[in-house]
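**Q** Structure incoming, see below.
The values are calculated or read from the model by the stated rules, or taken from the named source; none is laboratory data. Since the model is a prediction, treat every value here as computed from it, not as a measurement. Because the Cβ atoms are built from the backbone with ideal geometry, glycine has one as well, and the counts that use them run over all protein chains shown.
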Amino acid sequence: MAATGSCLCGAITFEIKGPLRAVINCHCSQCRKWTGHYVAATAAWKRNLYIRDSADSLRWYRSSFTAQRGFCGQCGSSLFWQRDGADTTTILAGTLDGATGLNTAAQIYVSDKGDYYCLSDPQAATYARTGHSIHLTHDSGSVSEKT
Ligand SMILES: [Zn+2]
Ligand SMILES: [Zn+2]
């Protein structure tokens, strides 16, 4: 069954027809500024992600030399993280509709996390300084790092 999601105002909706990666929480300073807290995100093959944006609301902010962050220009929802040339798109888990069946597999950049909260899922593997290059296989959710 395909997963669906949307931004807060509904101008952008999307559908994912294939598997979703386990969720990774990123506590880096960019993700914290972008969302106002931290990023909890799944990912999908780019070719399986179908975005409907009838009001031309999707905006991309280039947050680094290698990646852009997609958000809704109407309501401000943080939606996607896209590494240049990657065949996967990172999708913020909170934008998905209903039950996801996903679990949280890893916490990354925890050395940058805010001091006002505790790590929410102690079962997840924790990485102090792992970057966004962390890669989880789509099927099993097992963690390996790209070099
Ligand atoms: Zn919106
Ligand atoms: Zn981050």
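**Q** Across region 74-85, which residue is surrounded by the fewest Cβ atoms within 10 Å (Cβ to Cβ) among those that are over 16 Å from D56 (Cα atoms) and in contact with a strand residue (DSSP E or B) (Cβ under 7 Å, 6 or more places away or on another chain)?
**A** D84
**Q** Restricting to region 58-85, give me the number of residues that are within 16 Å of ligand 1 (Cβ to nearest atom) and at positive phi.
**A** Result for region 58-85: 1.
**Q** For T88, all conditions in the list (1) exposed (fewer than 15 other Cβ atoms within 10 Å of the Cβ); (2) away from ligand 1 (no atom under 15 Å from the Cβ); (3) of a type outside the set (K, R) hold save one; what is the number of the exception?
**A** (1)
**Q** Specify which of the listed residues (D87, D112) is of a type in the set (D, E), more than 17 Å from Y127 (Cβ to Cβ) and touching a helix residue (DSSP H, G or I) at 6+ places or on another chain (Cβ under 8 Å).
**A** D87
**Q** Tell me yes or no: at least one residue of region 14-27 is assigned to a loop (DSSP other than H, G, I, E, B) and charged (D, E, K, R).
**A** Yes, there is a match, as at least one residue in region 14-27 is assigned to a loop (DSSP other than H, G, I, E, B) and charged (D, E, K, R).
**Q** Filter region 32-69 down to residues that are of a type in the set (D, E, K, R) and touching a residue at least 24 places away in the same chain (Cβ under 8 Å), then give me how many there are.
**A** Number of matching residues: 6.
**Q** Another question, then. State which residue is farthest from C118 (Cα to Cα) when the search covers only region 27-81 and only residues that are charged (D, E, K, R) and more than 16 Å from ligand 2 (Cβ to nearest atom).
**A** So, considering only residues that are charged (D, E, K, R) and more than 16 Å from ligand 2 (Cβ to nearest atom), the one farthest from C118 (Cα to Cα) is D56.
**Q** Check G36 against each of (1) on the phi < 0 side of the Ramachandran plot; (2) loosely packed, with under 15 Cβ neighbours inside 10 Å; (3) among the small types (G, A, S); (4) at pLDDT 95 or above and name the one condition it does not meet.
**A** So the condition that G36 fails would be (1).
**Q** Scan T100, T90 and give me the residue that is closer than 20 Å to I16 by Cα, assigned to a strand (DSSP E or B) and hydroxyl-bearing (S, T, Y).
**A** After applying the criteria, what remains is T90.
**Q** Got a number for residues in region 6-36 being of a type in the set (S, T, N, Q) and within 16 Å of ligand 1 (Cβ to nearest atom)?
**A** Residues in region 6-36 being of a type in the set (S, T, N, Q) and within 16 Å of ligand 1 (Cβ to nearest atom): 3 in total.
**Q** Also, quick follow-up: For region 46-68, state whether one or more residues are buried (at least 17 other Cβ atoms within 10 Å of the Cβ), at pLDDT 95 or above and small (G, A, S).
**A** Yes, the conditions are met somewhere in region 46-68.
**Q** Filter region 8-18 down to residues that are crowded, with 16+ Cβ neighbours inside 10 Å and either aromatic (F, W, Y) or in contact (Cβ under 8 Å) with a residue 60 or more places away in the chain (or both) and give me whichever is farthest from ligand 2 (Cβ to nearest atom).
**A** Among them, the one singled out is A11.
**Q** In addition: Which members of region 37-57 meet the condition of being within 16 Å of ligand 1 (Cβ to nearest atom) and either assigned to a loop (DSSP other than H, G, I, E, B) or in contact with a Gly (Cβ under 8 Å, 6 or more places away or on another chain) (or both)?
**A** Selection gives D53, S54, A55, D56, S57.
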